[in-house]
Amino acid sequence: MWNIEKKFLVLDEKVDDKNEVESLLNLVFTPQRNKLGSYYFRKNVNRVEFLCKVIKNDYGHIIGSIRYWPVYLGQNKLSCLLLGPLAVHPICQGEGIGAKLVLKTLNLAEQYGWERVVLVGDESYYSRFGFKKKLAKDLIFPKPVNQDRFLGLELKPESLKRAKGLVSRFE
């Protein structure tokens, strides 16, 4: 068994990484990914830069990427993170790269005072990090998504209890 701490170093996503990250996202999700409902929250909105990370292989190529976006929840406009996309190169999937990116960034988000995170993804994958469908049950995603894939995570206990209503764009 190899040491995941040593093997995969999580790095800040740099401006120079943009094209390579976009290529990875196209490979993993297809170039049509920007038509997905979650992209509504990403268009013309700045990412939460300090949480956008990459992992590179020994040759300096990006093999994993994670990004976060700010959103509001409900009429009270509670601040929240939207996780995604999380992408790992197909030949590297199953090696712990995605988990390393998620764990590192959730720890950072919590350190910086973020209280809650939502995403559209597979509960079978994200539940190991604490994401649950029931935590997002009182929230309405305004664009077409499979509501069974809309998940929430409380970085601060009970922080999603008072979050009810529409998820809205950060503006």
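The values are calculated or read from the model by the stated rules, or taken from the named source; none is laboratory data. Computed from a predicted structure; not experimentally measured. Don't worry about glycine lacking a Cβ; one is built from the backbone with ideal geometry, like all the others, and counts go over all protein chains shown. Quick note on the areas: whole protein, heavy atoms, side chains included, nothing else; ligands and nucleic acids left out. Shrake-Rupley method; radii C 1.70, N 1.55, O 1.52, S 1.80 Å.
Here's the yes/no breakdown for (1) on the phi > 0 side of the Ramachandran plot; (2) touching a Lys or Arg at 6+ places or on another chain (Cβ under 8 Å); (3) surrounded by fewer than 20 Cβ atoms within 10 Å (Cβ to Cβ):
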{"position": "PRO85", "(1), (2), (3)": "no, yes, no"}
{"position": "ILE97", "(1), (2), (3)": "no, no, no"}
{"position": "GLU123", "(1), (2), (3)": "no, yes, yes"}
{"position": "PHE129", "(1), (2), (3)": "no, no, yes"}
{"position": "GLY152", "(1), (2), (3)": "no, yes, no"}
{"position": "PHE170", "(1), (2), (3)": "no, no, yes"}
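Those residues that are more than 22 Å from LEU108 (Cα to Cα) and assigned to a loop (DSSP other than H, G, I, E, B), I need them from region 123-148; list them, please. Within region 123-148, LYS137, ASP138, PHE141, PRO142, LYS143, PRO144, VAL145, ASN146 qualify. Scanning region 37-44 for residues that are touching a residue at least 24 places away in the same chain (Cβ under 8 Å) and small (Gly, Ala, Ser) turns up at least one hit.
For region 48-68, the set of residues classified as acidic (Asp, Glu) and at pLDDT 95 or above consists of GLU49 only.
With LEU106, LEU166, LEU101, LEU151 as the choices, which residue is under 27 Å from LEU24 (Cα atoms) and in a strand (DSSP E or B)?
Result: LEU151 is the single residue among LEU106, LEU166, LEU101, LEU151 that is under 27 Å from LEU24 (Cα atoms) and in a strand (DSSP E or B).
Residues in region 30-61 that are assigned to a helix (DSSP H, G or I) and closer than 23 Å to GLN93 by Cβ were compared, and the one that is least open to solvent (accessible area, probe 1.4 Å) is LEU51.
Restricting the first member to region 1-13 and to residues that are closer than 14 Å to ASN57 by Cβ, and the second to residues that are at pLDDT 90 or above and open to solvent by 60 Å² or more (accessible area, probe 1.4 Å), the beta-carbon pairs closer than 6 Å and six or more apart or on different chains are VAL10/LYS104.
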